[in-house]
Amino acid sequence: MSAEIEQLYSEYIVRLRDKTRFRAVGEAWTEITTPYLDRHNDCVQVYAKPVNGDYLITDDGYTIADLEQSGCPLDSPKRRALLTTTLNGFGVQADGDQLLVRATPSTAPQKMHDLIQAILSVNDLFFLAGPTVVNLFAEDVQAWLDESGVRYTPDVRFTGKSGFVQHFDFVIPASSARPERVLHPVNNPTRQTVQQFIYAWLDTRETRRLRSQAYALLNDASGAPAGSVREALARYDIAAVPWSDRESVREELAT
């Protein structure tokens, strides 16, 4: 299995490199088209320009504008606070509607990675955030952990084998009975959203001193996740837990 995982990881890095495209836009900006797909199955694009020897990298306001045009305005304090918390987890700023990072030449690869992951997380975070949805999924997960007496650290960042820093929503420390556990809420369980977690997990798993376990909490409010989603997670020893079945793992998370 370890050789298979190593091969998968290598193929992922090669695909990321070979499928990224660059195009000059005006005199200063470069458009970077990545192989990551947003919720419309369009490639995520960011824009970079040099500024006094450093770099400014931005989504040009697309992510928030797209959410607002899709009926999810970020016009309440609760949604704005959740957006800020999510962005802070990746070290990304919001300047008006733009999501952006500032980077030195040495930090630019990591910063661009952080921005892309933030864009995808914001897309996923607000996927079901219509007028009828009172609580967003990440908040529901955190409230359930609190109610269940689960000790956890939110918004944890681990450096992976690739050298990139990967973000995880909740990490439960090891106890005498259980190893460290990493929890990831997946609001919109699709092939791409679980692949993002799988690759982040593979990237960091071997660098952890502890033999951690991973759990994906799958929002099934709109229907059961596809069998292929759960199979993909199970293939890499990630526990796939539908939200409706969360009580089945309460004890093992709380001990």
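Calculate the FRET efficiency for Ser76 and Thr33 from the Cβ-Cβ distance with a Förster distance of 25 Å, rounded to the nearest 0.05.
Approximately 0.15, to the nearest 0.05.
Between Gln7 and Val25, how many nm apart are label points set 7 Å from Cα along the C-beta direction?
Reported label-point gap for Gln7 and Val25 is 3.9 nm.
For the cross-link pairs Lys78/Lys111; Lys19/Lys161; Lys49/Lys78; Lys49/Lys161, which exceed 25 Å when the distance is taken from alpha carbon to alpha carbon?
Cα-Cα > 25 Å for Lys78/Lys111; Lys49/Lys78; Lys49/Lys161; rest within.
Most mobile of Pro35, Pro105, Pro242 per a Gaussian network model of the chain (Cα springs, under 10 Å)?
Pro105
Which value, in Å to one decimal place, does the Kirkwood hydrodynamic radius take for the chain when every pair of different Cα atoms is included?
19.2
Classify region 137-254 as rounded, prolate or oblate, taking a ≥ b ≥ c as the square roots of the eigenvalues of its Cα gyration tensor: rounded when a/c is under 1.5, otherwise prolate if a/b is larger than b/c and oblate if not.
Working: a/c = 1.62, a/b = 1.09, b/c = 1.48.
Taking the square roots of the gyration eigenvalues as a ≥ b ≥ c, region 137-254 is oblate.
Once you order the gyration tensor axes a ≥ b ≥ c over the Cα atoms, which shape class does region 1-100 get: rounded for a/c under 1.5, otherwise prolate or oblate by comparing a/b with b/c?
oblate
Taking the DSSP beta bridges in the chain as the whole, what percent of them are antiparallel, to the nearest 5?
Details: 31 of 42 bridges.
Roughly 75 percent of the beta bridges in the chain run antiparallel, per DSSP.
In square nanometres and to one decimal, what's the mean projected area of the convex hull around the Cα atoms of region 169-220? Could the numbers behind the result be given before it?
Values: hull surface 15.5 nm².
For the Cα atoms of region 169-220, the hull's average projected area reads 3.9 nm².
By the scheme Lys and Arg +1, Asp and Glu -1, what is the net charge of all other residues having a beta-carbon under 11 Å from that of Ala224? If you can, show how the numbers build up before the last one.
Details: positive: Arg230; negative: Asp220, Asp245.
With Lys, Arg at +1 and Asp, Glu at -1, the neighbours total -1.
Read-outs throughout are calculated quantities, based only on the coordinates presented, and are distinct from any laboratory measurement. None of the values given here were measured: they were computed from a predicted structure. Here Cβ is always computed from backbone atoms with ideal geometry, including for glycine, and neighbour counts include all displayed protein chains.
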